[in-house]
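K.L.:
My questions will all concern the structure given below.
Read-outs: derived from the displayed coordinates by stated rules, not from any lab. Note that the coordinates shown come from a computational prediction; the quantities given were computed from them, not determined experimentally. So basically every Cβ, Gly included, is an ideal-geometry build from the backbone, and we count neighbours across all protein chains shown.
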Amino acid sequence: MQVSATAKRLPISARKARLVADQVRGQPVERAMNLLGFSTLKAAFLVRKVVESAIANAENNEGADVDELWIAEIQVNEGTTLKRIRPRAKGRANRIFKRACHVTVQLADE
């Protein structure tokens, strides 16, 4: 059984979120939640919410046992980039890229 959850347009770059996703990929859900709960990174908080959503989907929609779930797949893809301009000296301007990402988590019980 595979259950998934997706969060789109999270306000963090995909590169930063992938660092956290790599830590929990293939882990049992209980261990992954502990790792994400004690991490001080912003991405850990965002990924934890997606994992909690996937757990709730497995529990309510499929009737799965939470203790047997593990993270089968976790993907972090780039989302849209907001482009902003910051004024600089002598009439110049610098571009500011506010990056976003999409996180998809798939849980399995086999």
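K.L.:
Part of a helix (DSSP H, G or I) and out of contact with any strand residue (DSSP E or B) (no Cβ under 8 Å at 6 or more places or on another chain), is that true of A17?
P.N.:
no
K.L.:
Filter segment 7-47 for residues that are among the charged types (D, E, K, R) and in contact (Cβ under 8 Å) with a residue 12 or more places away in the chain; which is nearest to E73 (Cα to Cα)?
P.N.:
For segment 7-47, the residue satisfying everything is R25.
K.L.:
Looking at (1) part of a helix (DSSP H, G or I); (2) on the phi > 0 side of the Ramachandran plot, can you tell me which one A32 breaks?
P.N.:
(2)
K.L.:
Now a separate question. Take the residues in segment 48-102 that are in contact (Cβ under 8 Å) with a residue 40 or more places away in the chain and part of a loop (DSSP other than H, G, I, E, B); name whichever of them is surrounded by the fewest Cβ atoms within 10 Å (Cβ to Cβ).
P.N.:
D65
K.L.:
Name the one entry in E59, E68, E73, E30 that is under 12 Å from the mean Cα position of the chain (by Cα) and not hydroxyl-bearing (S, T, Y).
P.N.:
Unique residue meeting the criteria: E73.
K.L.:
Hey, among A14, A32, which residue is farther than 12 Å from L69 by Cβ and among the aliphatic types (A, V, I, L, M)?
P.N.:
Going through A14, A32 in turn, just one is farther than 12 Å from L69 by Cβ and among the aliphatic types (A, V, I, L, M): A14.
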